[in-house]
Amino acid sequence: DEKLPNVMILATGGTIAGTGATSTTTVGYTAAKIGVEQLIEAVPELKKVANVKGEQVFQIASENMTNDHWLKLSKRVNELLAKPDVDGIVITHGTDTIEETAYFLDLTVHSAKPVVIVGAMRPATAISADGPINLYNAVSLAGSKDAVGKGVLVALNDQINAGRDVTKTNTSTADTFRTPELGMLGYMQGGLPHFYRQPVRKHTTESEFDVSKLDSLPQVDIVYGYANNNRIALDAFVKAGAKGIIHAGVGDGSLSNAMKPGLIDARKDGVVIVRSSRVGNGILARNGEANDDELDFVASDTLNPQKARILLMLALTKTSDTKAIQKMFYTY
Ligand SMILES: NC(=O)CC[C@H](N)C(=O)O
């Protein structure tokens, strides 16, 4: 249909493609079972909003997502969006790491065309499975002019969130994807997007990160802050070759007496240290709970540890200068 947008559905697995033993199995099911053609066939309404084509990129549960998967996916999305006959892309994805893939693509896809990541919290075999309505909304959103230039979007449960800011907030409920405090961008209602705000941090067409010629990303790991903290995991990561460490600190990224010397040692070895927080909301202030100028550390701004890891990996593909990296954390 020439009047409809052309939307590609790239399937990667997850619960949206999952099957359970019975219709009431909503935990303990198997993710990543159903192929993309079957996902499309299950929602004949898709044909009313777009000309859809499917491609199975991977078939995995998203806890198994790796840097290699991201590189492959980003390259494929860029390749497809460069084609004049592709208007938008939907990626079906396990929900556990949707927020990470969304931010990675937000920084590495260089097109204003819509990219929408979607998943489900109930397997395809469950009563009131959320996959079909989520897929329908995602395809409609990916074909919409309103979604152009808004960066990579995450759309589930009738809500549209920005890839940079969205996070999974509940282990199992359908309304798990939220952008706490900063807020969602809009709603899906009646199968159409309704936007009320847009992201202001740089993304997609404005991003300086180019993975088109990369086969791997620098190793960046996360160490966690907690009472009775120690530096054992940190030292192991550094010994294993980490080029960057995200410190998921308590509160405003406070450094315990046990962890701080380890981070200082790592920095002396050339490892870039980013202070983030396990709290999940708020600005991680530079020179707040630690003197970043003196320690030569970087503050994560509002990025949670798993998103800070993505930005640091991409930053390290360009520079190891901590001032330049700090600037990136205030830009993206
Ligand atoms: N709801 C889900 O998609 C979770 C299933 C699985 N753990 C995954 O992330 O792929």
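Each value in this text was obtained by applying a stated rule to the coordinates, not by laboratory testing. It should be emphasised that the depicted structure is a prediction, and the values quoted were computed from it without experimental measurement. Backbone-built Cβ (ideal geometry, glycine too); neighbour counts: all protein chains shown.
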Check your understanding: How are the C-alpha pair distances of region 66-156 spread across 5 Å bins, as whole percents from the shortest bin up?
Key -> 3, 15, 25, 24, 18, 10, 4, 1
**Study point:** Efficiency of FRET between I283 and E2 - r from beta-carbon atoms, R0 45 angstrom, step 0.05
**Key:** 0.40
Practice item. Post the alpha-carbon centroid distance, region 145-174 to region 104-144, in whole angstrom. Key: 9
Review point. With each label point set 7 Å from Cα along the Cα-Cβ vector, what nm distance links L214 and T19?
Key: 3.7
Revision key, fill the gap. Residue span K239 to K323: 0.36 nm per residue of separation minus Cα-Cα distance leaves a gain in nm of 27.8 nm
Study note, to complete from the structure: Percent antiparallel among DSSP beta bridges confined to the chain, rounded to 5, stands at 35
Review point. Where does region 202-332 land on Rg/Rh, using Cα atoms and the Kirkwood Rh?
Key: 0.95
Point to revise | Max mean-square fluctuation residue, GNM over the chain, Cα-Cα springs under 10 Å, options T319, T15, T204 | key: T319
Study note, to complete from the structure: In whole µm²/s, the translational diffusion coefficient that Stokes-Einstein assigns to region 125-222, given a Kirkwood hydrodynamic radius over C-alpha pairs, 4 °C and 1.567 mPa s, equals 85
Study note, to complete from the structure: The extension gain from Q59 to T171, computed as 0.36 nm times the residue separation minus the Cα-Cα distance, is 38.2 nm
Exercise for review: Compute the length gained on full extension between A258 and K48: take 0.36 nm times their separation in residues and subtract their Cα-Cα distance, giving the result in nm to one decimal.
Suggested key: 69.7 nm
Study note, to complete from the structure: In the neighbourhood of T95 defined by beta carbon distances under 14 Å, the net charge of the other residues (Lys, Arg +1; Asp, Glu -1) is -3
Practice item. May I have the pair-distance distribution P(r) for the chain, computed from all Cα-Cα distances with 20 Å bins from 0 and rounded to whole percent? Key: 33, 55, 13, 0
